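Report on one structure; see the data block that follows.
The values are calculated or read from the model by the stated rules, or taken from the named source; none is laboratory data. Only a predicted model underlies this, so the values are computations on that prediction, with no experimental measurement involved. All Cβ positions, even for glycine, are placed from backbone atoms using ideal geometry, and neighbour counts span all protein chains on display.
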Amino acid sequence: MKKVLCVLCIMLCALSSMFAAGSAETKATSDRPVVRVYCGWAETQLPNWRGLVEEYNSNPDNPITIQLEFFGSSGYFDRLNAEFLAGDPPEVFQLTKTVFNEYSAAGRLYDLRDYLAETGLSETLNKGAQAWAGPLVNETGGVYGFPDFANTSCIFYNTKMFEEYGIEEPTDMESLREAARILNEHGKKAIVTGASDWCATDLLSKVQAQLCGTDILIDAYLGNAQYNDPILVEALTIVDNMVKENIIDPSSADYNDDEAIAEFVSGNAGMYTAHTAMTAPIDSMAASMPGFEYNIIKNIDFVEDPLISVPVTWGQMWCIPADCKNLDGALEALSYLFGEYVANDTVEKVGKIYNVESWNKNLTHPALRTAVDYQMPSSATADSFYLVDMVSSKVLENLNRGIQQMIQGRLTPQEVLDNAQQTWVDEQAQRQ
Amino acid sequence: MIIYTIFWAVPILSTLSFSFTNWSGITAFSKADFVGLKNFRQMAHDPIFIQSLKNNFQYGIVMVIAVPPLSFFIAYLLDTHIPFKKFFGFLAYIPAILPTVVVMLLWRWILNAQYGLVNTFLKAVGLEQFAIGWLSNVDTALWAVTFVSIWKTVPTYTILALAGLQQIPVEYKEAAIIDGANEWQRIIHIIIPSMRSVFYTIFTLVIIDVFRVFELVYIMTEGGPGYYSTEMLLTYMYKSSFSSYMAGYGSAIATTTILIVLVITALNLKFSSRSEED
């Protein structure tokens, strides 16, 4: 009996000490500050993050609790604005480049330069991405956001089809013309794209970045140049000629992204032009097409002596409010979400391209690997900014519509860009 | 009254006050400047607003001409003639009970240039030259959107028209039959005059619907193709306010839209009351 009592006592002691430890742990976890992190995307775009955040939160040694919220709808900015207006914005939040420009110009974002220097990221973060993370006129070199994932503006091609028809991977306009000719001869469309939306302007972006870089875009945005500048007209004329020569198939004017990808994946077209983020929908559609293989063209010179190889959208910006109430907590959350641990997992499981080269070592997707190895290094300058993100949403819509009509043969490049400039003038008048 | 004030009066008055400012929507409203009627003056020179207004009126005229007669016609058939009334009645109401987003996505697929049902059919019967991008062609997109809107809207008003038809005393119709009136004469001289108030209600509601059109265009064409060929006042208002961050200008568009609806509805009501007095 004594033995039984003794064992029971020991068990009780052990249990109570376990409960005590557990409750202390719970108390520690619940007492630590909560840092709200808002992501404008849907959870499906970063499906591994929820688990990683739970893993972080379950560790009692960590100083904060991260409260991650995905939005994935246009209501995101309304919510963010409302919370800013109410004086209670989230500690960390994601912004698109255009909105980011407005926020950073208005002095509402915390300057991350010290943080980047302390963590050594100022050395490793791609220089093009760092330039991207400042306001449009960045005289002080401020960095007001952490640019998340890069996408290069690229041309995808059907590797098996190219092999079958003996087509060399194009490197300039001449070889692209030749590739298109062979594809057309075999009854295939050469390049398709989803020109009923942003892909229309993406076409211009590809040539503009090589021909004249970013300065013209910044100047036009600030009213020091015009969108119908002769050099931009020249860039769009190159695109127009590609349509007239059947390099870009005119049917693209009717397609949205999904329809263009369907043409590419089903083998009706040899190439598809967009940016690397479209690997996800291509892979999704290609899952039902066994044998379909693709990659991206490493480099095409649309012009002689291009400034850079491709324009890059260096990602959306992860920002902290200038008057953040819990700055240490916000920086801790940012460090975790954009640290090597989460990066390795995201590269491996989701296939995102980070702006820190060493974090992409586990990237296995052939097309994304090509982008990382061949395109990003040569685009690590401020001339790589992606036109689609460098104009107001109204001008972007106008450009999309105009280029769509140009592909349909209804407008000239000059008319398209005259209209874009007039839209920008009207918009500025409406804003004042 | 409190609920009305909170959910109706406050938003409308707020919109009105925003429309006289240059508020962006992303800064505190207190930082916005009062600009008087500038937003309204800008609208007069804004080609996109003018195009949206034109589109809205073209869409509206077709809707007003098509929806009431079609609703009445279907209601009349359901009330009088056809066998399997309940079954056909159910079929007729399906577009009204389906969620708008589903309907719009369905129609986007049906009208797709490459693999849509319409073009597949046209190609199959040898009419390939008519297989065009219905929603991607600037000449056809607004008509296609209007057609889908009619398809979606008519069933709702059919229910109203049917209720109106069933309110007409049977004695009137019987008396007309005894007097030797044929069906057409009964429709013109008995049924339509008896349904005058229902028709005015339908007209008023269609007019209001016309200027409230948003999700239909936003989902099917986003205001395109080309230069704003299907842009409507509310889609442009939304883009100005929430994509371009010009909440003041967007509010001015919203205020103008409300005023247009008020004027047209008031004229319609005045006309209807005068007609009833006659």
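What the table shows:
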item	result
Test: residue in the range A:185-200 that is in contact with a Phe, Trp or Tyr (Cβ under 6 Å, 6 or more places away or on another chain), modelled with pLDDT of 95 or more and within 14 Å of chain B (Cβ to nearest Cβ)	yes
Options B:V206, B:V217, B:V210: the member that is β-branched (V, I, T), buried (at least 18 other Cβ atoms within 10 Å of the Cβ) and within 14 Å of chain A (Cβ to nearest Cβ)	B:V217
Options B:L127, B:L117, B:L111, B:L91; residue that is more than 14 Å from chain A (Cβ to nearest Cβ), surrounded by 13 or more Cβ atoms within 10 Å (Cβ to Cβ) and either among the β-branched types (V, I, T) or more than 19 Å from the chain's Cα centre (by Cα) (or both)	B:L117
Residues satisfying the stated conditions in the range A:50-91, i.e. loosely packed, with under 15 Cβ neighbours inside 10 Å, aliphatic (A, V, I, L, M) and part of a loop (DSSP other than H, G, I, E, B)	A:A86
Residue selected from the range B:43-65 under the condition closer than 30 Å to A:L85 by Cβ and touching a Phe, Trp or Tyr at 6+ places or on another chain (Cβ under 7 Å), by the criterion farthest from the other protein chains (Cβ to nearest Cβ)	B:S52
Residue identified as within 17 Å of the chain's Cα centre (by Cα), of a type in the set (G, A, S) and closer than 30 Å to B:R108 by Cα among A:S196, A:S153	A:S153
Conditions (1) in contact (Cβ under 8 Å) with a residue 24 or more places away in the chain; (2) within 13 Å of the chain's Cα centre (by Cα); number of the one not met by B:Q51	(2)
A:A277 being farther than 15 Å from B:Q114 by Cα, away from chain B (no Cβ under 14 Å), at pLDDT below 95 and out of contact with any helix residue (DSSP H, G or I) (no Cβ under 8 Å at 6 or more places or on another chain)	yes
Residue among B:S272, B:S251, B:S229 that alone is in contact with a Phe, Trp or Tyr (Cβ under 6 Å, 6 or more places away or on another chain) and more than 19 Å from B:I26 (Cα to Cα)	B:S272
Test for A:Y221: is it assigned to a loop (DSSP other than H, G, I, E, B) and in contact with a Leu (Cβ under 8 Å, 6 or more places away or on another chain)	no
2 or more residues within 24 Å of A:I261 (Cα to Cα): qualifying helices (runs of 4 or more DSSP H) within the range A:278-370	A:279-286, A:340-350, A:366-370
Residue within the range B:178-185 that is within 30 Å of B:I94 (Cβ to Cβ), more than 16 Å from the chain's Cα centre (by Cα) and crowded, with 18+ Cβ neighbours inside 10 Å present	no
Tally, over the range B:17-51, of residues that are surrounded by fewer than 18 Cβ atoms within 10 Å (Cβ to Cβ) and of a type in the set (K, R)	2
Any pair with Cβ under 9 angstrom, 6 or more apart, that starts in the range A:43-60 at a residue that is basic (K, R) and ends at one that is part of a helix (DSSP H, G or I)	A:R50/A:E43
Residues of the range B:224-237 classified as under 19 Å from A:D426 (Cβ atoms) and either without any contact (Cβ under 8 Å) to a residue 24 or more places away in the chain or more than 9 Å from chain A (Cβ to nearest Cβ) (or both), total	6
Qualifying residue in the range A:240-259 (condition: closer than 28 Å to A:Q45 by Cβ, without any contact (Cβ under 8 Å) to a residue 40 or more places away in the chain and crowded, with 17+ Cβ neighbours inside 10 Å)	no
Boolean, A:D389 is within 20 Å of the chain's Cα centre (by Cα) and either on the phi < 0 side of the Ramachandran plot or more than 9 Å from chain B (Cβ to nearest Cβ) (or both)	yes
Conditions (1) over 22 Å from A:T214 (Cβ atoms); (2) in contact with a helix residue (DSSP H, G or I) (Cβ under 7 Å, 6 or more places away or on another chain): number failed by A:G128	(1)
Residue that is nearest to the other protein chains (Cβ to nearest Cβ) [pool: residues in the range B:17-40 that are aliphatic (A, V, I, L, M) and closer than 18 Å to B:S244 by Cβ]	B:I26
Test: A:L222 is crowded, with 18+ Cβ neighbours inside 10 Å and under 30 Å from A:R431 (Cα atoms)	no
Cβ pairs under 9 Å, 6+ apart, first in the range B:162-186 and touching a residue at least 40 places away in the same chain (Cβ under 8 Å), second of a type in the set (G, A, S) and part of a helix (DSSP H, G or I)	B:L162/B:S71; B:L162/B:A75; B:L162/B:G89; B:G164/B:A75; B:G164/B:S194; B:G164/B:S197; B:L165/B:A75; B:L165/B:S194
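Okay, residues lined up against (1) more than 14 Å from chain B (Cβ to nearest Cβ); (2) within 25 Å of A:Y157 (Cβ to Cβ); (3) at pLDDT below 90:
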{"site": "A:V347", "(1), (2), (3)": "yes, yes, no"}
{"site": "A:E397", "(1), (2), (3)": "no, no, no"}
{"site": "A:L411", "(1), (2), (3)": "no, no, no"}
{"site": "A:Q421", "(1), (2), (3)": "no, no, no"}
{"site": "A:D426", "(1), (2), (3)": "no, no, no"}
{"site": "A:Q432", "(1), (2), (3)": "no, no, yes"}
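The rows are residues; the columns are (1) under 29 Å from B:S197 (Cβ atoms); (2) crowded, with 19+ Cβ neighbours inside 10 Å; (3) within 14 Å of another protein chain (Cβ to nearest Cβ); (4) of a type outside the set (S, T, N, Q).
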residue	(1), (2), (3), (4)
B:G133	no, yes, yes, yes
B:A141	no, yes, yes, yes
B:T146	yes, yes, no, no
B:G164	yes, yes, no, yes
B:P169	yes, no, no, yes
B:K173	yes, no, no, yes
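Residue by residue, here is whether (1) acidic (D, E); (2) in contact with a helix residue (DSSP H, G or I) (Cβ under 6 Å, 6 or more places away or on another chain); (3) within 15 Å of A:L387 (Cβ to Cβ); (4) outside any loop (DSSP other than H, G, I, E, B) holds:
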{"site": "A:E169", "(1), (2), (3), (4)": "yes, no, no, no"}
{"site": "A:E174", "(1), (2), (3), (4)": "yes, no, no, yes"}
{"site": "A:L183", "(1), (2), (3), (4)": "no, no, no, yes"}
{"site": "A:G187", "(1), (2), (3), (4)": "no, no, no, no"}
{"site": "A:A190", "(1), (2), (3), (4)": "no, yes, no, yes"}
{"site": "A:L203", "(1), (2), (3), (4)": "no, yes, yes, yes"}
{"site": "A:V207", "(1), (2), (3), (4)": "no, yes, yes, yes"}
